[in-house]
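**Q** The structure is given below, and queries will be raised subsequently.
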Amino acid sequence: MADQSLGEVVQGDPSSPGNIAPIASVAIAAGTPCYLNGSGQAVPAIANSVPTAQVVGVAVLPAEAGAPVYLKTGGGVNLSTAQWDAIVTGESGGLTPGSVYYLSAATAGFITKTAPVGVGNVDLQVGIALSATALDVQIRAQLVARSS
């Protein structure tokens with residue numbers, strides 16, 4: 001049963017509030033935070049530079065390269081714990097409820113509970129976990145690259 005606090009998430013419907021549907025530059029897994037490249041195509045984001053950390057949304061469904069990918073720009077994304085584990089966080093048991101998730105500086109398309117540190121990395125919040133399976137997308141576009 002979906003978490004009611006998220007509202008209805010219509011998976012894959014580009015007309016749903018908070019969804020955009022650019023073309024995927026590469027294959028993109030559900031749950032992947034993405035930015036738009038110079039051609040306007042969606043690419044898995046990574047926090048190791050300002051241009052690649054400009055997250056516009058989180059994929060609600062997987063997409064093949066060259067196909068539309070539906071990105072949630074705000075609000076709920078519901079995935080199984082296995083999807084969050086394998087594709088996005090690299091952890092086990094899904095998301096940690098109440099935790100803030102940041103864009104990873106180590107792996108494109110991943111999120112982490114630890115804000116990136118180190119020269120050149122960008123501290124960018126992607127969302128807050130409401131449950132082990134639900135992420136409330138709240139992109140905080142601070143985009144300040146660390147200099148020390």
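**Q** If amide H atoms are built 1.01 Å from N in the plane of the peptide, which residues on other chains or at least 5 residues away come under 5 Å of the amide H of A59?
**A** Close amide H contacts, sequence-distant or interchain: G31, T32, C34, K72.
**Q** Applying the Karplus parametrisation 6.51 cos²θ - 1.76 cosθ + 1.60 with θ = phi - 60° to the phi angles of region 75-90, what ³J(HN,Hα) value in whole Hz is obtained for each residue in order, glycine and proline being reported as x?
**A** x, x, 10, 10, 9, 6, 4, 4, 5, 4, 5, 6, 9, 10, 9, x
**Q** What is the packing order of peptides 109-121, 39-51, taking the mean over residues of other C-beta atoms within 10 Å and listing the highest first?
**A** On the way: 109-121: 17.2, 39-51: 18.7.
Those peptides, ordered most packed to least, come out 39-51, 109-121.
**Q** Moving on to the next point. Could you run the Karplus curve 6.51 cos²θ - 1.76 cosθ + 1.60 with θ = phi - 60° over region 56-70 and give me ³J(HN,Hα) per residue in whole Hz, x for Gly and Pro?
**A** With the stated coefficients, region 56-70 comes to 9, x, 10, 5, 8, 9, x, 9, 7, 4, x, 9, x, 10, 8 Hz.
**Q** Still on this structure: Tell me, in nm to one decimal, what length is gained between T73 and A86 on full extension, where the rule is 0.36 nm per residue of separation less the Cα-Cα distance? List each step's numbers first, then the result.
**A** Numbers: separation 13, 0.36 × 13 = 4.68 nm, distance 2.20 nm.
Separation in residues times 0.36 nm, less the Cα-Cα distance, equals 2.5 nm.
Each value in this text was obtained by applying a stated rule to the coordinates, not by laboratory testing. Not measured: the values here are computed from a predicted model. Here the Cβ is made from the backbone with ideal geometry for all residues, glycine too, and neighbour counts use every protein chain on show.
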